1. When you go through Val40, Val50 one by one, which is the residue that is surrounded by fewer than 17 Cβ atoms within 10 Å (Cβ to Cβ), touching a Leu at 6+ places or on another chain (Cβ under 7 Å) and at pLDDT below 90?
2. Return the total of residues in region 381-405 being at pLDDT 95 or above, part of a loop (DSSP other than H, G, I, E, B) and within 16 Å of ligand 2 (Cβ to nearest atom).
3. Just to verify a result, which residue in region 417-449, among those that are under 19 Å from Met225 (Cβ atoms) and crowded, with 21+ Cβ neighbours inside 10 Å, is modelled with the highest pLDDT?
4. From the list Leu269, Leu287, Leu277, pick out the single residue that is under 29 Å from Asp523 (Cβ atoms) and either open to solvent by 10 Å² or more (accessible area, probe 1.4 Å) or at pLDDT 95 or above (or both).
5. Just checking, does region 482-494 include any residue being part of a loop (DSSP other than H, G, I, E, B) and touching a helix residue (DSSP H, G or I) at 6+ places or on another chain (Cβ under 6 Å)?
6. Kindly evaluate Glu150 against the criterion of being in contact (Cβ under 8 Å) with a residue 60 or more places away in the chain, open to solvent by 30 Å² or more (accessible area, probe 1.4 Å), on the phi < 0 side of the Ramachandran plot and away from ligand 2 (no atom under 16 Å from the Cβ).
7. Of Pro204, Pro132, Pro168, Pro121, which residue is touching a Leu at 6+ places or on another chain (Cβ under 6 Å) and away from ligand 2 (no atom under 16 Å from the Cβ)?
8. Exactly one of (1) among the hydrophobic types (A, V, I, L, M, F, W, C); (2) open to solvent by 10 Å² or more (accessible area, probe 1.4 Å); (3) within 30 Å of Phe212 (Cα to Cα) is unmet by Leu93. Its number?
Amino acid sequence: MNKLVRRDFIKLMGIGAGTLTLSACRLIPPASLAPTTAPVNSTPFAAVPVSPSLAVDLTAGPATLPIFSGAKTSVWRYQASVREGSAESIQSLSGSYLGPIFRIERGQRVQVRLKNELPDPTIIHWHGLRIPEEMDGHPRYAIAPGASYEYDFQVINRAGMYWFHPHPHGLTGAQVYYGLAGLFIVSDEEEVPLGLPAGEYDLPLVIQDRTFDSNNQMVYLANGMMDQMIGFLGDTILVNSVPNAALDVKASAYRLRLLNGSNSRIYKLAWQDGTPLTVIATDGGLLEAPVTRDYITLAPGERVELWADFGRRTAGSEMRLVSLPFSGFSSGRGMMGGGMMAGSSIPNGAPFDIIRFKVGEKSAEVVPLPTNLATIMRHRVEDAVNRNNPRSFALATRGMIHTINGRVFEMDAVARDEIVRLGDLEIWEFANLEGGGGGMGMGMMNMEMPHPMHIHGVQFQVLGRQITRGYESASQELSAGFVDDGWKDTVLVLPGERVQVLVRFEDYAGTFLYHCHNLEHGDAGMMRNYNIEG
Ligand code: C2O
Ligand code: CU
């Protein structure tokens with residue numbers, strides 16, 4: 001890694017990560033706060049702390065930056081400037097194409113003026129946030145080059161790491177690929193007293209894969225149809241846009257906030273020496289209590305937060321976060337999905353290093369891992385309005401087309417089975433049972449593809465998973481790495497698997513999306529609208 005990049009990397013890894021100072025909490029009803037539409041039924045958020053609002057100008061546009069020595073890399077990136085509110089609320093990831101990081105308190109009003117300086121239409125989706133439809137980045141709100149879009153919403157999510165990225169239809173994969181993505185970290189009054197590692201001990205780490213040409217420029221979809229079918233897989237692994245990432249840490253406890261920001265790659269995360277991973281949070285924030293896993297399966301769009309205690313390591317030692325091998329998705333009948341036909345030199349399932357932590361001196365602070373982290377209001381399956389007849393979504397690949405219940409995305413269409421009622425708790429089932437091939441000729445049939453399914457506008461709870469006989473192999477290698485205990489907004493559905501989630505449409509009526517977060521699948525149409533009717 002060249003020196004400049006290295007220094008910037010360290011800078012972006014948390015130095016300047018200001019500790020949040022929570023202002024005294026006044027409690028007032030959310031209705032009088034909400035900038036646009038008030039949350040309708042906001043249990044368990046009946047009252048939220050008020051804090052100063054934040055107004056930010058965010059420009060999406062081209063830039064160049066040094067990723068390797070030699071030629072700089074052309075990227076697209078967001079640049080933020082605070083118009084009103086605390087400058088500490090926005091941290092830039094200096095030297096990275098990623099960012100910025102929003103640091104927000106629950107209850108805060110956030111206004112963002114997005115300015116499009118890209119050559120193509122764009123719009124931002126705030127992944128995981130519970131906000132109204134017009135704020136959520138539906139592709140029909142995409143703005144032309146030169147145009148602006150005004151976001152104005154109140155953050156009602158619990159503490160957690162959410163993120164944001166472009167969402168113009170058919171262009172999401174490319175825009176994320178060339179660098180557009182940032183983090184949206186929320187803290188709340190339940191999290192603060194835990195005294196979790198903060199400041200330089202709170203490290204957001206975005207894992208991505210890219211392919212670069214000999215002139216250090218990013219190459220997208222070089223394998224044409226194959227990349228679009230499987231999803232893009234790069235041959236260089238980056239953390240916060242840095243290849244061969246390495247980081248000096250103190251012999252102390254860290255909060256590692258991991259986002260799989262890759263277009264389609266699935267990671268099987270582990271410590272190189274087999275130390276179990278301690279998980280404290282998932283997509284929608286803290287778990288009730290820490291859990292351990294030998295490895296973690298992290299699909300595109302998913303987040304997981306680790307408690308990494310380097311305190312017992314000796315100075316000078318090194319811990320590596322790696323991705324373990326798994327046999328891809330070519331088991332049995334299928335042959336695609338990262339198996340032998342993948343175009344990348346690192347197919348899904350190939351092992352590699354992600355980041356090295358070089359342990360230094362002990363720090364004065366000793367922060368113990370809390371035994372209890374948070375209260376999670378559990379949905380009860382008996383309360384689901386469709387408990388006897390779950391709403392089912394069949395995920396399939398027909399020829400080159402990935403479908404949901406046989407359909408692909410249409411900008412405005414909502415089918416009759418895509419309408420839910422505001423306030424209802426439902427069971428949604430994603431059933432990845434059809435390899436496809438229906439009617440297709442030789443060769444391309446029966447593709448087994450994992451699909452990370454994301455629902456906009458909500459956080460949900462995983463009710464259960466079931467694997468179809470004959471499809472056990474991928475599940476045997478990956479399912480022990482799922483962390484399904486907490487709040488989720490994206491859930492990986494393996495080939496041959498049915499995953500049921502409990503989801504309450506509790507906040508805003510409107511049209512929202514649900515889709516596969518393999519960005520090439522989504523761009524190709526594996527995405528649909530659903531309506532929440534108030
Ligand atoms: Cu992170 Cu609709 O996506
Ligand atoms: Cu998919």
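1. Numbers: Val50 fails: surrounded by fewer than 17 Cβ atoms within 10 Å (Cβ to Cβ).
Just one listed residue meets the conditions, Val40.
2. Residues that pass the stated criteria total 1.
3. Met449
4. Values: Leu287 fails: under 29 Å from Asp523 (Cβ atoms); Leu277 fails: under 29 Å from Asp523 (Cβ atoms).
Only one candidate passes the filter, namely Leu269.
5. Just the residues of region 482-494 that are part of a loop (DSSP other than H, G, I, E, B), to begin with: 482-486, 489, 494.
Subset that is touching a helix residue (DSSP H, G or I) at 6+ places or on another chain (Cβ under 6 Å): 494.
Yes, some residue in region 482-494 is part of a loop (DSSP other than H, G, I, E, B) and touching a helix residue (DSSP H, G or I) at 6+ places or on another chain (Cβ under 6 Å).
6. On the way: in contact (Cβ under 8 Å) with a residue 60 or more places away in the chain: no; open to solvent by 30 Å² or more (accessible area, probe 1.4 Å): yes; on the phi < 0 side of the Ramachandran plot: yes; away from ligand 2 (no atom under 16 Å from the Cβ): yes.
Taking the combined requirement at face value, the residue does not satisfy it.
7. Working: Pro132 fails: touching a Leu at 6+ places or on another chain (Cβ under 6 Å); Pro168 fails: touching a Leu at 6+ places or on another chain (Cβ under 6 Å); Pro121 fails: touching a Leu at 6+ places or on another chain (Cβ under 6 Å).
Step by step, each of Pro204, Pro132, Pro168, Pro121 is checked, and only Pro204 is touching a Leu at 6+ places or on another chain (Cβ under 6 Å) and away from ligand 2 (no atom under 16 Å from the Cβ).
8. (2)
The values are calculated or read from the model by the stated rules, or taken from the named source; none is laboratory data. The model shown is predicted, which means the values in this text are computed figures rather than measured ones. Virtual Cβ from ideal backbone geometry, glycine too; neighbours counted across all protein chains shown. The accessibility values were calculated without ligands, DNA or RNA, using every heavy atom of the protein model including side chains. Shrake-Rupley method; radii C 1.70, N 1.55, O 1.52, S 1.80 Å.
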